[in-house]
Every structure is written in C-alpha cells, then in structure tokens.
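Structure first, then comments.
The values are calculated or read from the model by the stated rules, or taken from the named source; none is laboratory data. Bear in mind the structure is a predicted one, so any value in this text is a computation, not a measurement. Please note: Cβ atoms are built from the backbone with ideal geometry, for glycine as well, and neighbour counts cover all protein chains shown. Side chains are part of the model used for accessible areas, which takes the heavy atoms of the whole protein and leaves out ligands, DNA and RNA. Shrake-Rupley method; radii C 1.70, N 1.55, O 1.52, S 1.80 Å.
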Amino acid sequence: LMAALFDEAGCDPTVINGGVINRYKSNARIGAPSSDWVVVEADESDGSFLKLPGSVCVVTNIDPEHLEHYGSFDDIRAAFLLFVRNCLAQPRSIAALCIDHPEVTKLIEQLTPEQQSKVVRYGFSPEADVRGVDLSFNPDG
C-alpha cells in the first residue's frame, strides 16, 4: 500500500517488499535515481525489523504470531514498542499507528509524551487523527 501511495504521489521510490506486488510483478524495484524515498516492508517474523533505521513507520496491528521466534506475546509487544521507539528516535520521524487495534493503542500509551507528539493515529475511531468515514466498496475494490 505504501509503495502505491508513493508512486501515485510521483515520488518513484525504491521498493523492497516481503511479497510480490502485482503492479511491479516483483517484490522489489529500483526507483528513480533522483528519488529520496525507499519503501520497505519491515518483517517482524524473525525480529529483523528491529535492524531497520526508518524515519517513518506504520503499525496496523500486533498479533500473537511468530511465537516460535519470540517465545511469548509479551516479547512480541516489546519488539513492536522497540521498533516504534527506534523509528521515532530518527530525525524528522513519524509513526502512523492504527488505533482501531487494541494492542497498538496500548503501545501508544507506553510512549513518552515527546514520542507521542510524533504519532499520527489513524483508523475508523472518532479519536483518530486521520479517520476513515462513510467507506463503501465496489467490485473494483
């Protein structure tokens, strides 16, 4: 989704994704040499997302997955908290966090006030900074 948004905005980013993106018929592509953007799908399955020093992060949900790597749901929660804190420690950073998911909302509550000031809360909730309303679906999506 983020790669498509950047494409539509004319940013022509370099993209690295976990799965094949239909638009590219690949999971990666090199953007324009003049582009300042790289869009990466950070993979939490093996903890490698903690090694990416991104300045923009998006967290949609936090679920009890990949327990074979983490051992417990508490450890998954801690990893996502560290991921967001690492992102927000970067200059000119922002975290877009979905407040419709209760685990993500709990994560936000664990951030410092300074970190929270760099969070954009999105979702369908009336408390969201960016909110979806009156959405409808058609055969094209």
Cysteines, the chain, no other Cys beta-carbon under 4.7 Å: C11, C98
5 Å is the cut-off here: which amide hydrogens, built 1.01 Å from N in the peptide plane, fall below it relative to V39, excluding neighbours closer than 5 in sequence? T14, V15, I16
For region 110-122, what does the Karplus curve 6.51 cos²θ - 1.76 cosθ + 1.60, with θ = phi - 60°, yield as ³J(HN,Hα) per residue in whole Hz, taken in order and with x for Gly and Pro? 8, 7, 5, x, 5, 5, 4, 5, 9, 9, 9, 8, 10
What accessible area, in Å² to the nearest ten, does a 1.4 Å probe give for D100? 70 Å²
Per 5 Å bin from zero, what fraction in whole % of the C-alpha pairs of the chain is there, up to the bin with the longest pair? 2, 9, 16, 19, 20, 18, 11, 5, 0
On the full set of protein chains, 1.4 Å probe, figure out the accessible area of F73 and give it in Å² to the nearest 10. 50 Å²
Label A78 and K118 with points 7 Å out from Cα along Cα→Cβ: what is the distance between them in nm? 2.3 nm
What accessible area, in Å² to the nearest ten, does a 1.4 Å probe give for L52? 70 Å²
Starting from the residue with the highest accessible area, list V40, V120 in decreasing order, probe 1.4 Å. V40, V120
Report the Cα-based extents of region 53-102 along its three principal axes, largest first, to the nearest Å. 34, 23, 12
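Taking all protein chains in place and a 1.4 Å probe, what share, in percent, of the accessible surface of the chain do carbon and sulfur account for? Intermediate results must be reported in sequence, preceding the final value.
On the way: 4950 of 9070 Å².
That share works out to 55 percent.
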